[in-house]
Amino acid sequence: MTDAYTPGKRNLITDVAGLRVGHAADARVKTGATVLTGDRPFTAGVHVMGGAPGTRETDLLAPDKTVQEVDALVLSGGSAFGLDAASGVADALRLSGRGFGIGPVRVPIVPGAILFDLANGGDKDWAENPYKRLGAEALEAAAPDVALGTEGAGTGALTATLKGGIGSASLVLPSGHVVGALVAVNALGSALMGDGPQFWAAPFEIGDEFGGLGMARTAPPLAPAIKGHDPANTTIGIVATDATLTQAQCTRMATAAHDGLARALVPAHTPLDGDLIFAAATGEKPLTDPLAEMLYLGHAAAICTARAIARGIYEARAEPGDLKPCWRARFG
């Protein structure tokens, strides 16, 4: 399925030229934030398929809204508290002169989404919400190289059976367009086939980017592994491309990317997950055949999303106070 596609140089979302990613974390709280920003504003869309989302400024990403570009996208832990990470990013961008111009004022446009990591063993008895600080620190750290696993918004993430994490992957299409994904995995369900160690995303793996273990030799059980019947979940991510897209086309790419989430996590899009994917387009490479190329951009976004989810869990590391093992400790 991926024979005609190859990963970008870094196999990261930052293979889309002009994009940078930054992480910040608080080890005591077991949480963090991740920021995607660019050399200049970029077109964005969003699609939500989980039943328990937590978001900021996603309404303005609808194709009929006035503002068509954003300055950054934020993924954060902390449930509703974590929405404040985007405020820290917006404040820092304003100081640097970024933002949507309204008369003499510039207002940075910073949509964000959160996952629930408040019951992961970290110390949540803070005197002051830490997420505004974490958002600003993540923006300051933004760079082309992106650490994976127990980093940023994936710092305190958990899945049904293992620690979660943040992962990324990319593809270069035959058209020359680049597609990448960045996903923080904190799912109710599991990324593993049965008891593992194989990943549901195995059919889409390129090389040994998450172990090269292939498919399970026996069929996994039909009854899925889940954390429990509580809302302490959510997988949130971003897919990006250097193609020139409208907000409507970005929304369509985000919608297609959810296929990758469902291929890599079982179950997915549950009433207790807030599963959400943003899409970003830098506009560097116009489409020559929009109908056909949108099909392949969406397909590539789904593949990158599935691979990024598996990579995030595969790269997670053990930390003091963990409630669940990381993949490497259990299988490595």
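Data overview
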item	result
The one condition in (1) in contact with a Phe, Trp or Tyr (Cβ under 8 Å, 6 or more places away or on another chain); (2) within 15 Å of G237 (Cα to Cα); (3) among the aliphatic types (A, V, I, L, M) that A157 fails to fulfil	(1)
Count of residues meeting criterion [surrounded by 24 or more Cβ atoms within 10 Å (Cβ to Cβ) and outside any strand (DSSP E or B)] in the range 169-194	5
Filtered residue count, the range 49-84, keeping only those that are assigned to a strand (DSSP E or B) and either surrounded by fewer than 19 Cβ atoms within 10 Å (Cβ to Cβ) or more than 14 Å from the chain's Cα centre (by Cα) (or both)	4
The lone exception for P197 - which of (1) surrounded by 20 or more Cβ atoms within 10 Å (Cβ to Cβ); (2) over 14 Å from H47 (Cβ atoms) it fails	(1)
Single unsatisfied condition, P290 versus (1) at pLDDT below 95; (2) in contact with an Asp or Glu (Cβ under 8 Å, 6 or more places away or on another chain)	(2)
Selection status of T255, within 15 Å of the chain's Cα centre (by Cα) and among the polar types (S, T, N, Q)	yes
Qualifying residue in the range 5-22 (condition: within 26 Å of S170 (Cα to Cα), of a type in the set (D, E) and either assigned to a helix (DSSP H, G or I) or within 18 Å of the chain's Cα centre (by Cα) (or both))	yes
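Okay, residues lined up against (1) in contact with a Pro (Cβ under 9 Å, 6 or more places away or on another chain); (2) modelled with pLDDT of 95 or more:
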position	(1), (2)
A52	yes, no
R56	yes, yes
V67	no, no
V70	yes, yes
V74	yes, yes
F81	yes, yes
D84	yes, yes
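The values are calculated or read from the model by the stated rules, or taken from the named source; none is laboratory data. All of these numbers come straight from a predicted model, not from anything done at the bench. Backbone-built Cβ (ideal geometry, glycine too); neighbour counts: all protein chains shown.
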